[in-house]
1. Calculate the dipole size of segment 64-221 relative to its Cα centre from +1 charges on Lys and Arg beta carbons and -1 charges on Asp and Glu beta carbons; express the result in debye to the nearest 20.
2. Accessible area per residue for segment 64-221 in Å², computed with a 1.4 Å probe and the full protein assembly in place, what is it?
3. So which aspartates and glutamates can K108 reach, going by Cα to Cα under 17 Å and dropping same-chain residues fewer than 8 places off?
4. What FRET efficiency, computed as 1/(1 + (r/R0)^6) with R0 = 35 Å and r the Cβ-Cβ distance, is obtained for K210 and A169, rounded to the nearest 0.05?
5. Would you mind telling me the share, in percent, of accessible area of segment 105-223 contributed by carbon and sulfur at probe 1.4 angstrom?
6. On a C-alpha basis, how far is the centre of segment 197-212 from the centre of segment 70-90 in Å? Whole number, if you could?
7. Taking the simple approach of a point 7 Å from Cα along Cα-to-Cβ for both S176 and D148, what is their distance in nm?
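The values are calculated or read from the model by the stated rules, or taken from the named source; none is laboratory data. Here the structure is a predicted model, which means the values were calculated and not measured. Please note: Cβ atoms are built from the backbone with ideal geometry, for glycine as well, and neighbour counts cover all protein chains shown. Remember, those area values only see protein heavy atoms, side chains included, never the ligands or the DNA or RNA. Shrake-Rupley method; radii C 1.70, N 1.55, O 1.52, S 1.80 Å.
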Amino acid sequence: MTPPCTAPARHTRRAIAVVLFLLPALAATLALSACQPAGPADPTSASSSPGSTVKTSEFSTLDAPGVDTIRETQAARLDMSSGRLDKAAVRVAADSYGPEINTRGAGKISLSIAAPHGEITAETDRIRFNTTARRADFSEVTYFLTADSLDEYVALIRDGVERYGISEASAEDWISSTQAAPDSKSDFSITPGTATGLTVNYDLRYDGGKDTQVIIVHVLPAE
């Protein structure tokens, strides 16, 4: 009679035992692999994705950091394209009267104001913002133009006539009378212009005995 074959059974039992021994370690390895965090995202993908919430603005703010930036860069851009300058849009408290920015002796600020039609631009060393604690916007933006001669002063006035619709007849009457008496003094407000959709008024402060002549420019919201 042929004896039973027992060797293969012993090898099979050993193989099964090894597999059973290794199964917990394999399961643990698979679990750890599943829990590994994903690699870091491409830093350029977030900023370029269509759903990005990052916002930038070309316009200046009038809170403390914004005023510091205007002073440092000597540039300010205000958005009055809606016909007004809201306090909230420039990060100013609702009851604030707004800042005064003065850079006399430190260079001039390149100011631009986006208007409903075109824009208002100037080189100035002083900008003021007028309002009341109850207004949600500024009642007026004021800046100062300066000239070192009567000819330069006249050129500034005529530029305002051409660009902002300031009354040419009113301006030329003042120019002709002042050129006839260049040493005179005069405080005169030229009839405002509204060509930009904002009211622009040139308030002349002329003194022929001084080296520097001043125009106070008032920019008022559209009515």
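1. The dipole magnitude comes to about 620 debye.
2. In whole numbers, segment 64-221 has 48 Å² accessible per residue.
3. Those aspartates and glutamates meeting the cut-off are D68, E72, E100, E123, D125, D148, E152.
4. 0.80
5. 46
6. Measuring centre to centre over Cα atoms gives 23 Å.
7. Result for the modelled spin labels: 3.1 nm.
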